[in-house]
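Novice: Pasting a structure here, questions to come.
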Amino acid sequence: MSKSLKKTILAVILVLLAAIVFRSATVITRPGEYRVIRQFGKIVRVDTTESHPYGLGFKIPFIQTDTSISRKLMLYDLAASDVMTSDKKSMISDCFVLWRIDDPVKFIQKLSGSQQNAESRISSNVYNSLKNVISSLTQEEVISGRDGDLATLLTEKLGTNLSTYGIKVEKIETKMLDLPDENKDAVYTRMISERNNIAASYTAQGNQKAQEIKNDTDEQTTVILAQAQKTADTTVAEGEAEYMRILSEAYNDESKADFYSFVRQLDAVKATLKTGNNTIVLDKDSPIARLFYQIE
C-alpha cells in the first residue's frame, strides 16, 4: 500500500470520527418538545426552542444523552363513572381532559416520564374532584350547569394538585352527564309535572290580570256612560227650557197669539182624524167647534 493511499484512508477515518463525535455532541430540539439532557442518568438540563432559538444545542459526546418529552396539548378520555349528587341522586359522568407537561423534570422524577402513569394520575385526581363537586350540588344544579359552569368548578377544584407531577390541566369538559336509564322516566315525569304547575300558575296570573283589566274597563265604561247621560239630560232640559221660553215669548205677543192658538186647534183636529173615523161630533161651545165657526 502506497504512502498516499494510507494518508487518504486515515483522513477519511478522521472525518468519519469527527462526524460521529459532532453528531453525538449535537442536540436538535424541535417545536412541541422538551429535550432532556442526562449525564450518567442524572438530568443536567432541559432544552426548548425558547432556550435554543434555532433548535441547536450541544452536549458532551458519549457521556451525556438526550431524550424527547412532548410539550403538545394532549387529550385524555376518562372512563364513564357513577357519581352522587347532594340530594342523593345517582348520575353518570363521562369526561375528557386537555393537559400538557409543564415541568419535564418533575414529570420524569415522579412519573418516570410515562404518559400512561400520567393519565392514571390524572384519572384519579379528576374523578375525586368530580365526585366532590357533584356531591355538593343538587341534581337540578348539575343539569343546569352542564353548559360550562360545571367545567369551571371542576377545574377550580382540581387546582394545582397535579403540578407536583409536572402536569398542567388546561381544561376539563363533560361529554355526558346524565341519569341512569332506570331513573330517567321518573325524573322526566317529575320535571314535566313541575313545568305544568309553573304553566298553570302563569295562566292563573294571566286570567287574574285579565279580569282586573276587564273590571277596570267596565267601571270606566259605566262612568263614561253616566257622564254622557248626564250631559244628554242637561242638553235636553236646556233645549226644553229654550223651547218654552220661545213659546212663551210667542204667546205674549198679541199679534201672534191668535195664530198659534189657531195652529194648535188644527193640530188637535188632525190628531182626532188619525183614528180612522172621519166624523167629528162637537159641542158648539168646544174650542174646536168655535174654530169652524170662525172659519165660516
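The values are calculated or read from the model by the stated rules, or taken from the named source; none is laboratory data. The model shown is predicted, which means the values in this text are computed figures rather than measured ones. No Cβ is skipped: glycine too gets one built from the backbone with ideal geometry, and neighbour counts run over all protein chains shown. Note: accessible area is taken over every heavy atom of the protein model, side chains too, but ligands, DNA and RNA are not part of it. Shrake-Rupley method; radii C 1.70, N 1.55, O 1.52, S 1.80 Å.
Novice: Among the lysines, which have Cα under 26 Å from the Cα of Lys214 when same-chain residues fewer than 8 positions away are ignored?
Specialist: Lys230
Novice: Between the DSSP loop rule and a limit of at most 12 other Cβ atoms within 10 Å, which trypsin sites (Lys or Arg not before Pro) in the stretch 50-100 are left?
Specialist: Loop-located and lightly packed - Lys72, Lys88.
Novice: Sort 13-26, 36-49 for me by packing, meaning the mean count of neighbouring Cβ atoms within 10 Å per residue, highest on top.
Specialist: Peptide ranking by packing, descending: 36-49, 13-26.
Novice: Collect residues whose amide H, placed 1.01 Å from N in the peptide plane, falls under 5 Å from the amide H of Ile28; neighbours closer than 5 in sequence don't count.
Specialist: Gly57
Novice: Follow-up. Can you tell me the accessible area per residue over the stretch 73-135, all protein chains present, probe 1.4 angstrom, in square angstrom?
Specialist: 49
Novice: Assuming R0 = 35 Å, what is the FRET efficiency of Leu16 and Arg45, from their Cβ-Cβ distance, to the nearest 0.05?
Specialist: With R0 = 35 Å, the Cβ-Cβ based efficiency is 0.75.
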